[in-house]
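Novice: Starting off with a structure, shown below.
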Amino acid sequence: MEYEAADLLHTGHIVTRIGLVMVNRDRLKTLRLLPARIGPRPRTAPEPTHRQINQRPMLFFNDLILNTVSKYRHVLLGPVRRAPNGTVGFFLASSVGMTNPDMVLANDEFSHLHPRPDGSLHLALPVEARRIVMEKRWGEPHPDTGLNPSGDREMLLYCPRNRAELAVVLALLRLAYDTARVP
C-alpha cells in the first residue's frame with residue numbers, strides 16, 4: 001500500500017512531486033502530523049556499519065536526495081570517514097560559522113546517505129523529533145547511543161520505498177539541516 005499525497009497534506013505542509021517541505025514554525029507539531037510508516041520495520045545490521053539490509057529504495061531515489069540536499073544553502077557534499085565507501089556526507093560549510101555543535105554527527109556533518117543498494121541515512125535530530133520519528137517507525141536509534149558524543153542525537157532513517165516516503169525523508173533531512181544551523 002502506498003501513501004496518497006492527501007495523507008501527507010496537513011495544515012503546515014506542502015506536498016510536491018518529490019518532496020514535503022515543513023513550513024510550520026512549530027516543527028515538532030508538524031512532525032506529529034506525519035503518518036506512521038506502513039508495514040514492518042526493515043531489518044538492519046548494527047555492525048560493522050549500522051545499515052538497512054532489506055526494503056530497498058528505487059534506484060533513482062539516492063540521486064533525488066543528493067540533488068535536493070546539494071541545493072541547500074551552505075551545504076557541501078563529501079566522503080565520510082566512518083561509513084562504507086560511497087557514502088555521501090552532508091556538511092555545513094564551516095567557513096560560514098553556522099554550525100550548531102549539538103546537532104551534528106561530526107565535523108559539521110548533519111547527515112549522510114548510504115550508497116546503493118542500501119539508501120538509508122544517518123542524521124542528527126533533537127531528542128523529541130527522534131522520539132516521534134522512531135514512534136512512527138521511520139527510523140531507529142544508532143547502536144552507539146550513549147557511547148559516543150553524537151550517539152545520543154544520531155539515528156538511522158530508513159530509505160524511502162516510494163515517492164510519498166521520499167517526501168517524508170526529505171522533510172526529515174530538511175529538519176536535520178535546519179537544526180544543525182545556528183540561526
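Bear in mind that the values in this text are calculations on the coordinates, not laboratory data. These numbers come from a predicted model, not from an experiment. As a convention, Cβ positions derive from the backbone with ideal geometry for all residues, glycine included, and neighbour counts pool all protein chains shown.
Novice: Of Ser94, Ser120, how do they rank once you tally other Cβ atoms within 10 Å and put the fewest first?
Specialist: The fewest-first ordering by Cβ neighbours comes to Ser94, Ser120.
Novice: A further question follows. If we restrict to alpha carbons, what Rg and Dmax does the stretch 63-121 come to, in Å?
Specialist: Just the Cα atoms of the stretch 63-121 yield Rg and Dmax of 11.2, 34 Å.
Novice: Right, next: Based on the alpha-carbon gyration tensor of the stretch 28-83 and its eigenvalue square roots a ≥ b ≥ c, which shape applies: rounded if a/c is under 1.5, prolate if not and a/b is larger than b/c, or oblate?
Specialist: oblate
Novice: Multiply the residue separation of Lys136 and Leu33 by 0.36 nm, subtract the distance between their alpha-carbon atoms, and state the gained length in nm to one decimal.
Specialist: Extra length from Lys136 to Leu33 when fully extended: 36.1 nm.
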